[in-house]
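Participant: First, the structure itself, so that you have it in front of you.
The values are calculated or read from the model by the stated rules, or taken from the named source; none is laboratory data. Note that the structure is predicted; figures quoted are calculated from it, not measured. Methodologically, a virtual Cβ is constructed for each residue, glycine included, from the backbone with ideal geometry; neighbour enumeration extends over all protein chains shown.
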């Protein structure tokens, strides 16, 4: 006992040196961890002040900043790392909520220690899936003031997530969810650069500009024309005249120009990664990368699929690959599959002659990346219907479609998940060679 008593002064000194202690709530005889204040870094504080100025100017009471971009992938180009920029937390998954008085970050157990180190004193870490830690939606329902406005950039939230936020806000008297015409974090990023703020922050990275590559049929195992035809039929069966592939892996999947000798696979939930799975999946989960699946254009037979939501649909659908996302062979683009042909919305400078030829071979035309929403609006005005996946399509495009939207699972997800013989062979080779 005397030894323990001799240790107490040192223990007390150590405890006193801890800058940020856990916030605890007592429930009976148990103390439950609700949140943890951030670490010693202060690089995000000026950004937070600037964002609050934007918040007040827009008449908002709170703003949600997720990790993804318009294609909703977990991994994004540095230009779209808005959540990391505004909070200082650099983990791949997390959601920020900034109010006029508070700043909170929700993330999962993989990143608790990292977030504690990277968040400044002004931030509160919401440790997801821990006892007594509310979800983002529950926190909003309990803390958003009556008549409060919650702002979002509709292009970085999925339809499903935006609807959850709407439901949460709807529980508060007079409160509303407001889709913003521009991203407030982008404005802060620009101001931060102009003011020459001190710290480690640099100017915002330029937009991605990597060139597309065509994935050979010998690697893809199924032509883009065949994939497009299957998606077209699925959209028609759902009562739609078109399907919009938003996930980057889906877009790549259908762009292989050559006919496929292999049997037609069932819908793949991981369009971009679909051709790389070495063994057939009995129960594939939805693919988070639909765009890449459609646009598979890389000669590389061994891209690594990501376990997140579906940015690979575009890649898989078109058998195209790109380099717009670090560590992922994805091309930033949308694909609108219509009754007669398809349109690829992409920066034309990214398409070398080989890719352009491959697209022409499967009756795919191109248009500027920014015109995808215009095309959806035009389809609506013409009385058409467009199939959108609530978990893969962003809320901004769903709003553009309005009553023309047919909400249903992507017709790319399941076919992309089922690997053909060529994909299985190359997957095996990649792991054994």
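Participant: Of everything in region 195-212 that's within 17 Å of residue 79 (Cβ to Cβ) and either in contact with a strand residue (DSSP E or B) (Cβ under 7 Å, 6 or more places away or on another chain) or at pLDDT below 80 (or both), which residue is surrounded by the most Cβ atoms within 10 Å (Cβ to Cβ)?
Facilitator: For region 195-212, the residue satisfying everything is 201.
Participant: Hey, among 55, 72, 97, which residue is in the same structural domain as residue 131 (by TED's automatic domain parsing) and modelled with pLDDT under 95?
Facilitator: On the way: 55 fails: modelled with pLDDT under 95; 97 fails: modelled with pLDDT under 95.
Unique residue meeting the criteria: 72.
Participant: Considering only residues that are at pLDDT 95 or above, under 23 Å from residue 222 (Cα atoms) and assigned to a strand (DSSP E or B), which ones fall in region 323-375?
Facilitator: Matches in region 323-375: 334, 335, 336, 337, 338, 342, 343, 344, 345, 364, 365, 366.
Participant: I've got another one for you. Quick one: would you say residue 174 is on the phi > 0 side of the Ramachandran plot and either in contact (Cβ under 8 Å) with a residue 60 or more places away in the chain or buried (at least 21 other Cβ atoms within 10 Å of the Cβ) (or both)? Reasoning before the result, please.
Facilitator: Numbers: on the phi > 0 side of the Ramachandran plot: yes; either in contact (Cβ under 8 Å) with a residue 60 or more places away in the chain or buried (at least 21 other Cβ atoms within 10 Å of the Cβ) (or both): no.
Judged against the criteria, residue 174 is not a match.
Participant: Also, quick follow-up: Hey, could you check region 415-433 for residues that are touching a strand residue (DSSP E or B) at 6+ places or on another chain (Cβ under 6 Å) and buried (at least 22 other Cβ atoms within 10 Å of the Cβ) and say which is nearest to residue 182 (Cα to Cα)? Reasoning before the result, please.
Facilitator: Taking region 415-433 as the starting set, the residues that turn out to be touching a strand residue (DSSP E or B) at 6+ places or on another chain (Cβ under 6 Å) are 415-418.
Those still in the list that are buried (at least 22 other Cβ atoms within 10 Å of the Cβ) too: 415-417.
Values: 415: 36, 416: 34, 417: 35 Å.
If we take residues in region 415-433 being touching a strand residue (DSSP E or B) at 6+ places or on another chain (Cβ under 6 Å) and buried (at least 22 other Cβ atoms within 10 Å of the Cβ), then 416 is nearest to residue 182 (Cα to Cα).
Participant: In region 85-115, which residue that is within 17 Å of the chain's Cα centre (by Cα) and assigned to a loop (DSSP other than H, G, I, E, B) is surrounded by the most Cβ atoms within 10 Å (Cβ to Cβ)?
Facilitator: Only one residue fits best here, namely 89.
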